[in-house]
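**Student:** Provided herewith is a single structure, encoded as structure tokens, for subsequent inquiry.
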Amino acid sequence: MAIVTQSTREVTPTPAPVQSARSPRRRIGDRVFSALATGSGIIILVILAMVAGFLLMQALPALTTSPAELEAKGYGPFWSWILPFAWGTVWASFWALLMAVPVSIGIALFISHYAPRRLASGLGYVIDLLAAVPSVVFGLWGIIVLAPAANPLYLWLNVHLGWIPFFSGQASGTGRNLLTASIVLAVMILPIITSLCREVFLQTPVLHEEAALALGATRWEMIRMSVLPFARAGIVSSVMLGLGRALGETMAVAMVLSGAPVITLEILTSQNPNTIAAVIAQNFPEAYGLKTNQLIAGGLALFVITLLVNSGARLIMSRYKEFSGAN
């Protein structure tokens with residue numbers, strides 16, 4: 001008969017993992033990077049809050065002063081003063097986007113999907129170089145070259161399409177009107193929109209493009225079904241960045257446009273609504289006292305318009321952020 005004895009099993013403790021000598025360094029690096037990223041985000045918010053606070057404090061005298069007192073000093077009520085310029089800012093930027101966005105998308109598609117590589121690289125370099133041209137140069141080009149050259153076209157539009165509210169009224173004889181300013185703005189924002197759209201188009205998955213072509217789609221059908229839906233959010237982002245440039249442009253508009261405090265749909269007449277940025281640039285050097293506060297209040301209005309535009313763009317982009325081009 002065998003006797004089975006149960007021996008006590010000794011549990012050998014598992015040795016603790018030996019930490020690599022580089023682990024603490026990685027952890028320190030992660031902490032430093034996280035702190036830098038968090039600090040950068042906080043700094044941006046602080047700067048934005050400081051700018052908004054400065055504009056609000058400096059604009060309060062113009063916003064709280066009674067209209068009668070402003071009228072007595074020759075400044076006029078703030079809201080009746082700012083509304084024409086706010087309209088001119090939005091109206092000129094609208095026409096600039098209307099002209100620049102289709103051309104920019106077309107150029108970006110040509111560079112990314114149609115042009116030979118050598119031509120595409122050279123054309124992309126020229127487009128990027130166009131973004132570095134100063135605003136004053138665009139303003140001089142608009143006054144000396146564009147306005148005289150486009151004036152016959154403006155007269156033709158006024159005569160043959162004057163029944164459209166945009167082209168009605170007495171056309172300017174010099175060509176310095178809102179349409180000229182909008183064309184200058186369109187040329188200025190064109191490289192911004194083109195460069196961003198080009199990079200977004202190049203990020204389209206190659207498998208999606210090849211799948212569309214393999215199913216018998218033409219190149220344009222492939223672009224319409226694969227590239228444009230995939231790049232929709234990026235296109236909206238580029239357009240909003242271009243719009244921000246158009247809203248805040250100062251010198252080119254101030255040099256080209258002879259603005260007035262009016263609200264009108266006409267874009268060919270000599271009496272055009274001015275923009276907020278151009279009004280501030282033209283009047284701030286000679287302003288003092290309450291007039292300075294009024295101009296800063298105009299800057300606050302432009303600040304609010306820009307925030308509203310960017311917020312709307314973020315809402316539009318959030319609808320397509322989950323889109324990958326495959327659904």
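**Student:** Once R0 is set to 22 Å, what does the formula 1/(1 + (r/R0)^6) return for the Cβ-Cβ distance between Gln271 and Trp79, expressed as a FRET efficiency to the nearest 0.05?
**Tutor:** That pair, Gln271 with Trp79, gives E of 0.55.
**Student:** How tilted is helix 232-248 with respect to the longest principal axis of the chain? Cα atoms for both, answer in degrees (0 to 90, nearest 10).
**Tutor:** Helix 232-248 sits roughly 40 degrees off the main axis of the chain.
**Student:** Cα axis of helix 290-318 to longest principal axis of the chain: angle in degrees, 0 to 90, nearest 10?
**Tutor:** Once rounded, the angle reads 50 degrees.
**Student:** A further question on this structure: What does the extension gain come out to for Leu129 and Phe33, with contour length at 0.36 nm per residue minus their alpha carbon separation? All intermediate terms of the calculation are to be shown ahead of the outcome.
**Tutor:** Numbers: separation 96, 0.36 × 96 = 34.56 nm, distance 3.35 nm.
Extra length from Leu129 to Phe33 when fully extended: 31.2 nm.
**Student:** Also, I was wondering about something else. Under a point spin-label approximation (7 Å from Cα along Cα-to-Cβ), what is the Leu48-Arg117 distance to one decimal in nm?
**Tutor:** 4.1 nm
**Student:** Separation of segment 44-61 and segment 74-96 by C-alpha centroid, Å?
**Tutor:** 21 Å
**Student:** Contour minus end-to-end for Leu290 and Arg224, with contour as 0.36 nm per residue of separation and end-to-end as the Cα-Cα distance? Walk me through the numbers before you get to the answer.
**Tutor:** Numbers: separation 66, 0.36 × 66 = 23.76 nm, distance 5.46 nm.
Fully extending the segment from Leu290 to Arg224 adds 18.3 nm.
**Student:** Let me ask another. Can you tell me the orientation of helix 23-64 relative to the chain, as the angle in degrees between its alpha-carbon axis and the longest Cα principal axis, to the nearest 10?
**Tutor:** Taking the Cα atoms of the chain, the angle to 23-64 is about 20 degrees.
**Student:** Ranked highest first by the average count of other Cβ atoms within 10 Å around their residues, in what order do 254-260, 219-225, 158-164 fall?
**Tutor:** On the way: 254-260: 20.7, 219-225: 15.9, 158-164: 12.3.
Ranking, from highest mean packing down: 254-260, 219-225, 158-164.
**Student:** What whole-number distance in Å separates the alpha-carbon centres of segment 188-202 and segment 289-311?
**Tutor:** Rounded to whole Å, the Cα centres lie 28 Å apart.
**Student:** While we're here: Please arrange Leu83, Leu190 by how many other C-beta atoms lie within 10 Å of their C-beta, fewest to most. Before the final figure, lay out each step's value.
**Tutor:** Details: Leu83 15, Leu190 21.
Sorted ascending by nearby Cβ count, the order is Leu83, Leu190.
**Student:** Continuing with the same structure: What nm distance separates the two modelled labels at Leu60 and Glu210, each placed 7 Å from Cα along Cα→Cβ?
**Tutor:** Taking the two extended label points, one gets 6.4 nm.
**Student:** If I model a spin label as a point 7 Å beyond the Cα along the Cα-Cβ vector, how far apart are those points for Leu161 and Ser258 in nm?
**Tutor:** For the pair Leu161/Ser258, the computed spacing is 2.4 nm.
**Student:** Let me ask something else about it. Which entry is the computed Rg and Dmax of the Cα atoms in Å for this structure: [x] 21.0, 72; [y] 18.8, 61; [z] 29.1, 125?
**Tutor:** Read-out from the structure maps to [z].
**Student:** Please list, in chain and number order, the residues 5+ apart from Ala260 or on another chain whose amide H is under 5 Å from its amide H, with Hs placed from the backbone.
**Tutor:** Close amide H contacts, sequence-distant or interchain: Asn272, Asn274.
Just so you know, all these numbers are worked out from the coordinates, no wet-lab data involved. What you see is a predicted model, and the numbers here were worked out from it, not measured in a lab. Quick reminder, even Gly has a Cβ in these numbers, built from the backbone with ideal geometry, and neighbours come from all protein chains shown.
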